[in-house]
Amino acid sequence: MAALVHSSRATAACSRCHLVLRLRAGARGLSSDVAARYEPQRLHPRLFEPSEVVSSWLDPAALALLQDVELADLTDTDPSSVALRSVATEAREIYSFPLLSPQACRMLVEEVEHFQLSGLPARRPNSMNNYGLILNEIGLRASLSRLQAAIAPLARAVFPAEGRSLDDHHSFVDDSDVTLNVCLGSDSFEASGLTFCGDMGSADHRLRSYKYAHRLGRAVMHLGRRRHGADDITKGHRLNLIMWNYNKEFRASPEFRARSFAREGSPPDAECISYTHDRDYEAVSGVQRPAPHLASSAWCPPPPAEYDGFGSHNK
């Protein structure tokens, strides 16, 4: 799935850490029904043509990068070295690169705004985003599958295990194996970076490690197990295309199945906590959860992984 995430000052309270909302029974039926009803109302029909994705969506620099990596993949050249020379290494296992052209960003934003005026029902990407939109459900699944196929060689080059084979896409820590996040712009906005923490299950998985600044059309690619969250926006609003990519082979591997939680050595950073999942949210943030009932289902960290003095003080 790919999702369009709308962040604004008004939605800052629900933009800490994005967590997956699985498809409910009957959701695919709703998806096909909405897509069929929206088809005659489409604003930019070209967006819904998979054959147009490479030629019309991609920034020329992205096209050159992806072609170089794909060529290396077909020859004796190491694709990883080619990829790592061409992308920006923002931090450990966090890479950014130009992906979508300004025109493609504009058309996607306009299409989403047009859909929102249609009155058709829309499921939200997850429980922490009240304004996002699942793009697969308005008829863009085929085009987004083509986009996934275009970036697959790059994902495989920088993440050989997790990105070896991208079998499906959903679109936010994260239930994906490899996540793609592209800023589409919209009104001028201030702040709202993307804060990265540690890998899920590691001793430092709730400690801040890096802050990424979004730029129009530029993609950031990272592993889904890396905990992350959108920072609060101080002005304007921003639209991002987020694609969760899955690798069924990796998910069946001993490496994936053997995941566990290490004991945390200290309280978490406030930027790295989630009110839907973290048991110590109130103690760390100093505020109540926006939805108090979520405290009963919060599970992180598991009791054996609790730090000393768990939940007894603010950091």
In nm, to one decimal, how far is the GLU255 label point from the ARG85 one, both placed 7 Å along Cα→Cβ? 2.5 nm
Counting only DSSP loop positions in the stretch 212-307, the trypsin sites (Lys or Arg not before Pro) whose Cβ has at most 16 other Cβ atoms within 10 Å are ARG215, ARG259, ARG263
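Quick note: the coordinates plus some simple rules give every number you see, no bench work behind them. Given the structure is predicted, the values throughout are model-derived calculations rather than measurements. When we count neighbours, we look across all protein chains shown, and the Cβ atoms used for this are built from the backbone with ideal geometry, even at glycine.
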